[in-house]
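Written below as structure tokens is the structure these notes are about.
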Amino acid sequence: MTAEQLKNSILQMAVQGKLVPQDPNDEPASELIKRIREEKEKLIKEGKIKKEKNPSYIFRGEDNIPYEKVGNNEPVSIADEIPFEIPESWEWVRLGSICEVARGGSPRPIKDYLTDLDD
């Protein structure tokens with residue numbers, strides 16, 4: 001096994017929760033996600049952030065298949081998007097559901113900046 005393969009193997013085990021034993025006394029991710037949703041609703045009501053147009057909610061159905069409900073649409077199976085099993089207390093979420101994703105701009109090249117200063 002090469003160093004790169006070892007690194008990839010360790011990272012894969014980490015995201016699957018297989019590097020350390022899972023403590024059943026730890027708060028389940030579902031509770032943390034619930035608190036995040038409540039905080040987002042509070043910030044929306046206070047006018048500090050905008051309401052999502054199509055919020056995503058991922059859950060396991062009675063058939064144990066993962067589903068996603070986006071906005072007011074009917075839930076759809078996302079089993080083909082789930083790359084691996086995660087520990088029981090973990091949850092799948094879309095990144096935008098738990099944080100605000102913002103893009104930054106690239107700085108202008110120095111020569112353009114200097115040209116603007118000459119004007």
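No value in this document is a laboratory result; all are computed from the given coordinates. Please read these numbers as outputs of a predicted model, since none were measured by experiment. Cβ: placed from backbone, ideal geometry, glycine included. Neighbour counts: every protein chain shown.
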Unit Cα scatterers, Debye sum, the chain: log10 I(q)/I(0) for q = 0.14, 0.17, 0.19 Å⁻¹: -0.83, -1.03, -1.16
For Leu11, what charge total do you get from the other residues with a beta carbon under 13 Å from its beta carbon, if Lys and Arg give +1 and Asp and Glu give -1? +1
What number of lysine-lysine pairs in the chain show an alpha-carbon separation below 24 angstrom, given a sequence spacing of 8 or more or placement on distinct chains? 22
When the Karplus curve 6.51 cos²θ - 1.76 cosθ + 1.60 is applied with θ = phi - 60°, which whole-Hz ³J(HN,Hα) does each residue of the stretch 31-42 get, with x for Gly and Pro? 5, 5, 4, 4, 5, 4, 4, 5, 5, 4, 4, 4
Less than 11 Å Cβ to Cβ from Glu52, Lys/Arg counted +1 and Asp/Glu -1: what total charge do the surrounding residues give? +4
Can you tell me the relative contact order of the chain? Whole percent, Cα pairs under 8 Å, sequence separation 6 or more. 24 percent
